[in-house]
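Below is one structure, written out as structure tokens; comments come after it.
The values are calculated or read from the model by the stated rules, or taken from the named source; none is laboratory data. Only a predicted model underlies this, so the values are computations on that prediction, with no experimental measurement involved. Note: ideal-geometry Cβ built from the backbone for every residue, glycine included; neighbour counts use all protein chains shown. The accessibility values were calculated without ligands, DNA or RNA, using every heavy atom of the protein model including side chains. Shrake-Rupley method; radii C 1.70, N 1.55, O 1.52, S 1.80 Å.
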Amino acid sequence: MLLALLAALILAAALCIPRELLTLESLRHLQTQAAQWHALHPFLAAVLYFALYVLVTALSFPGATLLTLLGGAIFPFWQAVLLVSFASTLGALLATLASRYLLADWVLARFPQQMAAVNAGVARDGAVYLFALRLMPLFPFFMVNLLAGLTRIGLARYWWVSQLGMLPATLVYLNAGRQTAQLHSFNEILSVGMLLAFALIGLLPLLSRWLLARFTHR
């Protein structure tokens with residue numbers, strides 16, 4: 001029922017949004033307004049963005065990727081890295097706590113096969129398996145949060161492994177958002193910066209596999 005309600009809300013929003021707002025010029029205008037508001041209220045903008053990111057992640061709402069791209073377009077790069085890295089990890093931790101203490105029965109009933117795979121992986125490799133799940137998206141982000149809550153991984157270890165494992169994707173998507181914010185016409189999509197940003201997104205699974213191999217070897 002919740003999924004049907006969410007799908008209905010998304011469909012209603014898509015039907016109600018005027019088509020002229022989906023043009024590059026309109027999106028550029030909205031991004032410029034957001035950047036100007038951030039320039040006038042930098043601290044408040046960072047706090048609101050951080051809180052929204054934590055809320056979206058903790059409640060397992062879709063949209064974290066778009067928020068990451070938006071953060072790369074509005075904030076200075078390294079500020080965006082700090083905001084997204086800590087907000088995504090805090091949101092993941094809250095989702096894990098909810099799974100562990102409130103939703104355990106529902107998670108077990110909803111994802112029995114995935115839970116068996118995660119339990120076997122954690123029993124075999126411990127935190128390295130969680131690191132692998134964060135680097136390579138074998139399961140969706142929200143599912144990893146829920147399943148990890150039912151394992152024996154401590155919260156402190158869960159925090160640093162998740163933050164380290166999600167950092168490569170954070171850097172790649174923030175860079176893509178920064179490049180997208182610099183577009184003034186569709187012709188610039190073929191610029192070197194945009195092509196490099198898209199290439200990094202496409203290569204992310206391979207880079208993640210290489211990083212995991214290095215980490216496991218150490």
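Listing for the model above:
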| quantity | calculated |
| --- | --- |
| Any chance Trp106 is surrounded by fewer than 13 Cβ atoms within 10 Å (Cβ to Cβ), touching a helix residue (DSSP H, G or I) at 6+ places or on another chain (Cβ under 9 Å) and free of Cβ contacts under 8 Å to residues at least 24 places away in the same chain | yes |
| Residue in region 62-92 that is farthest from Ala176 (Cα to Cα), counting only those that are touching a Leu at 6+ places or on another chain (Cβ under 7 Å) and touching a residue at least 60 places away in the same chain (Cβ under 8 Å) | Ser85 |
| Helices (runs of 4 or more DSSP H) (entirely within region 1-64) containing at least 2 residues that are exposed (fewer than 11 other Cβ atoms within 10 Å of the Cβ) and at pLDDT below 60 | 2-16 |
| Hits in region 164-177 (condition: open to solvent by less than 60 Å² (accessible area, probe 1.4 Å) and either free of Cβ contacts under 8 Å to residues at least 24 places away in the same chain or more than 17 Å from Leu67 (Cβ to Cβ) (or both)) | Gly165, Pro168 |
| Residues of region 128-163 that turn out to be crowded, with 18+ Cβ neighbours inside 10 Å and assigned to a helix (DSSP H, G or I), as a count | 19 |
| Any hit, region 71-78, residues being assigned to a helix (DSSP H, G or I) and farther than 26 Å from His41 by Cβ | no |
